[in-house]
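Q: One structure follows; several queries about it will come next.
The values are calculated or read from the model by the stated rules, or taken from the named source; none is laboratory data. All values reported here derive from a predicted model rather than from experimental measurement. Glycine gets a Cβ as well: all are built from the backbone with ideal geometry, and neighbour counts include every protein chain shown.
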C-alpha cells in the first residue's frame, strides 16, 4: 500500500496497459473484463493458469465432501466467479450455478398449478403463463393435462418441458429455423407472419428456458452459436455464418478471396426469402 499522498502519476506507472500477445492471452483466459493490469496481477494470473487443473480438482473435491457430510471445504466462490470467471472448468461452474439457484428457490414452497390442453398445447401454455409475475413464476410447477388422470410426481412436469421444446422448434409454430448444420436453431425472420404476438412468443420461450434451468429440468434446446453470442453481447464474426448456411458461407469465402467484377458475374446483392409460399426479394443494398 502506498502513502495517502501518493501522486496519481506514480499510480499510473505501476499500472500498465496490455500490449503483448502473451499478456492478452492470459487476460482473455482469466480477467476477461479487464483492459489494464498490474505486473503483480499478471504474475498471479500466470500462476492460476499454470495450476488450473489442480485448483479445479480441489474445488470438485470440496463439492463432493459438501454433498457427503454437509460441511466440505466451505467453498466461497462468488469472488472467483465474478472476477476470474474462466478459472473454473464447466462442471465446477455448473455445480456452483445449480447451488446458487437452489438457494434462490429455497423460499418458494407454494406451487404454480396449470391445467394444459394437449391439443392446443403451445398457445394454452403461453396464455396461462404470459401474465404470471416474476415472483409467481419462481414457484414449482404442478402440471395437469386436461382429461388425463394422475398426480404430478415429476413425470408430468418433465413431459411438459419436453413438449415445450418440441413445439417451439416445430416448423408449424414458425418461430425458429434449423441451420444447415442440422443441429442448431435460430429465430426465423419470417416469424412476423405469426402476428402481433410473435415477439411475446419469443419472450415466453426465453422465460421457459430460464424456468427449466432454475427447476433443474431438461429441455431439448440447441440454439445457434450466433444467438448465444448476441445474448452475451459478443461481437459476431464472419465465421459464425458457417453454421447458418454452409454452402452460402463457402460461396462468400470464394468471392472474398477471388478477383472478379460483380456485374460481369451477373451477381446482385439481394436474397430471396420464402414467406410460407410467397417469394420475396430483399435487397442487401439499394438497387441490389
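Q: Could you look through segment 134-174, keep only residues that are touching a strand residue (DSSP E or B) at 6+ places or on another chain (Cβ under 7 Å) and part of a loop (DSSP other than H, G, I, E, B), and pick out the one that is farthest from residue 106 (Cα to Cα)?
A: Result: 146.
Q: Restricting to segment 175-189, name every residue that is within 11 Å of residue 243 (Cβ to Cβ) and assigned to a strand (DSSP E or B).
A: Selection gives 178, 185, 186.
Q: Residues being touching a helix residue (DSSP H, G or I) at 6+ places or on another chain (Cβ under 8 Å) and in a loop (DSSP other than H, G, I, E, B): count how many of those fall in segment 198-246.
A: The number of residues fulfilling the criteria is 9.
Q: I've got another one for you. Which residues, taken from segment 20-34, are over 15 Å from residue 85 (Cα atoms) and either in contact with a strand residue (DSSP E or B) (Cβ under 8 Å, 6 or more places away or on another chain) or at pLDDT 75 or above (or both)? Show your work before the answer.
A: Taking segment 20-34 as the starting set, the residues that turn out to be over 15 Å from residue 85 (Cα atoms) are 20-24.
Residue satisfying the conditions is 23 alone.
Q: Find the residue count for segment 247-278, including only residues that are in a loop (DSSP other than H, G, I, E, B) and either loosely packed, with under 10 Cβ neighbours inside 10 Å or modelled with pLDDT under 65 (or both).
A: Looking only at that region, the number is 11.
Q: Follow-up question, since we're still on this one. Specify which of the listed residues (157, 173) is without any contact (Cβ under 8 Å) to a residue 60 or more places away in the chain and surrounded by 14 or more Cβ atoms within 10 Å (Cβ to Cβ).
A: 173
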